[in-house]
Amino acid sequence: MAKTDPFLCVTLHRDVAFAAFMGTNRGKLEGTLPNVTDQTPPVIQITGLHKSFGTLDVLRGVDLTARAGDVVSLIGSSGSGKSTLLRCANLLEDSQQGEILFEGEPVTWRGTGRNRHPGDAAQVRRIRTNLSMVFQQFNLWSHLTILQNVMEAPVTVLGEDRAVVEDRARALLDKVGIGDKADAWPAQLSGGQQQRAAIARALCMEPRALLFDEPTSALDPELEQEVVRVIRALAEEGRTMVLVTHDMRMARDLSDHVIFLHQGKIEEEGAPADLFANPKSERLRQFLSHSQAA
């Protein structure tokens, strides 16, 4: 089974799939955010990250910091390393060099180079279960209703009370604008509705951060805007998000910080107002020009 499509393995490895790809913060109530001070460590902090696949160097010394309430957007052409960086942040991919910290806690590594892997399985589970990832493909279970899809992880993996989870799930479906689709099957929903259901499912685990990997690229423009409106509302709530996107308007309007990746390195980064209005590198100017033309 391809690593990028884990949700199909639910009947055999349901707990592993959810723990790897969804997030939980049991102490945080829905609709509230943790208290943040100057001394609060970043939710995600990555320094000097290197990642290769065989002889292909995908990431070459990349840094990323996402503090509580930050929206960080990763932009760049296909193959620049954006999605790989997101997967490394969630420990879905092993990296060969560099440090990853979750809320100030450094990942413990075993081995070096291509033989480097996380060395503490309990720590990996703890980090993974505090991050929720929303993929380009919606990965909803076709044999479950939308409500059941949203409820499944908290009930099955976390052992939460079904009635409590159902109340939270229905509220989240209302929140993303598809409360009337709770009893529908995924095949009965449009792509935009399915992606909003996937976002509700991620939120139902009450994550410390949301990771979005091209959440609108599989949608036509009209359906894309449905999802953008939901992501915008989450940003306005102050949720921590790292967003890989091809949508330059969304990156410009919603982000606190934008990182432009080119050939596995950070070509340029900064506040969106500066990056989009006054790009310093020729490569970023070319990229933005082509994006606007498209």
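The values are calculated or read from the model by the stated rules, or taken from the named source; none is laboratory data. All values derive from a computational prediction rather than experimental measurement. Cβ atoms come from the backbone with ideal geometry, glycine included; neighbour counts cover every protein chain shown. For the accessible areas, the whole protein counts, side chains as well, though only heavy atoms, and no ligand, DNA or RNA atoms are used. Shrake-Rupley method; radii C 1.70, N 1.55, O 1.52, S 1.80 Å.
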| request: Return the label of the correct value of Cα extents along the principal axes in Å, as calculated from the structure shown, out of [x] 64, 37, 36; [y] 53, 46, 42; [z] 68, 44, 41. | output: [y]
| query | Once all Cα-Cα distances of segment 79-152 are split into 5 Å bins that start at 0, what whole-number percent is in each one? | reply | 3, 13, 21, 20, 14, 13, 9, 5, 1
| Computed accessible area, Leu56, all protein chains, 1.4 angstrom probe, square angstrom | 110
| said: Normalised by the empirical 2.2 N^0.38 Å for globular proteins, what value does the Cα Rg of segment 205-294 take? | reply: 1.12
| Among all lysine pairs in the chain that are eight or more places apart or on different chains, how many have alpha carbons less than 19 angstrom apart? | 7
| task | In whole angstrom, note down how far apart the Cα centers of segment 86-146 and segment 238-293 are. | result | 24
| For segment 200-247, treating each Cα as an identical point scatterer without solvent, what Debye log10 I(q)/I(0) comes out at q = 0.33 1/Å? | -1.37
| task | Could you tell me the convex hull volume per residue, in Å³, taken over the Cα atoms of segment 124-246? | result | 103
| remark: Expected sort for 221-227, 158-164, 258-264 on mean C-beta neighbours within 10 Å, highest first, is 258-264, 221-227, 158-164
| task | At q = 0.17, 0.20, 0.21 Å⁻¹, what is the base-10 log of I(q)/I(0) for segment 225-270 according to the Debye formula with one equal point scatterer per Cα and no solvent? Please give it to two decimals. | result | -0.52, -0.69, -0.74
| query | At what distance in nm do the modelled label points of Ala187 and Arg162 sit from each other, each positioned 7 Å from its Cα along Cα→Cβ? | reply | 2.5
